[in-house]
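Computed from the coordinates by the stated procedures, all read-outs in this text should not be read as laboratory data. Since this is a predicted model, take the numbers as computed values, not measurements. Every residue, glycine as well, gets a Cβ built from its backbone with ideal geometry; the counts of neighbours run over all protein chains shown.
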């Protein structure tokens, strides 16, 4: 049973680290809005 407890504890620790990293990204990283321009060929606009 101790090996199962150790395995679950390691999984919980890794999950906590991943969750903490995602929270840190949400809190500290601010996206920069920018304009996107893409040319669409006329053949894509006409029905077949």
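Classify the chain as rounded, prolate or oblate, taking a ≥ b ≥ c as the square roots of the eigenvalues of its Cα gyration tensor: rounded when a/c is under 1.5, otherwise prolate if a/b is larger than b/c and oblate if not. Don't jump to the answer; show the numbers that get you there.
On the way: a/c = 9.93, a/b = 2.45, b/c = 4.06.
In terms of gyration-tensor shape, oblate.
Suppose each label sits 7 Å from its Cα in the direction of the beta carbon; what would the residue 17-residue 43 distance come out to in nanometres?
Result for the modelled spin labels: 5.1 nm.
Can you order the peptides 28-37, 2-11 by their average number of other Cβ atoms within 10 Å per residue, highest first? Please report the intermediate quantities before stating the final value.
Numbers: 28-37: 5.1, 2-11: 9.0.
Most protected by this proxy first, the peptides run 2-11, 28-37.
Go ahead and estimate [θ] at 222 nm for the chain from helices alone: -39,500 (n - 2.57) per DSSP H run with n ≥ 4, summed, over the residue count, rounded to 500. Mind dumping the intermediate values first?
Numbers: 2 runs with 31 residues, N = 48.
Calculated from helices alone, the mean residue ellipticity at 222 nm is -21500 deg cm²/dmol.
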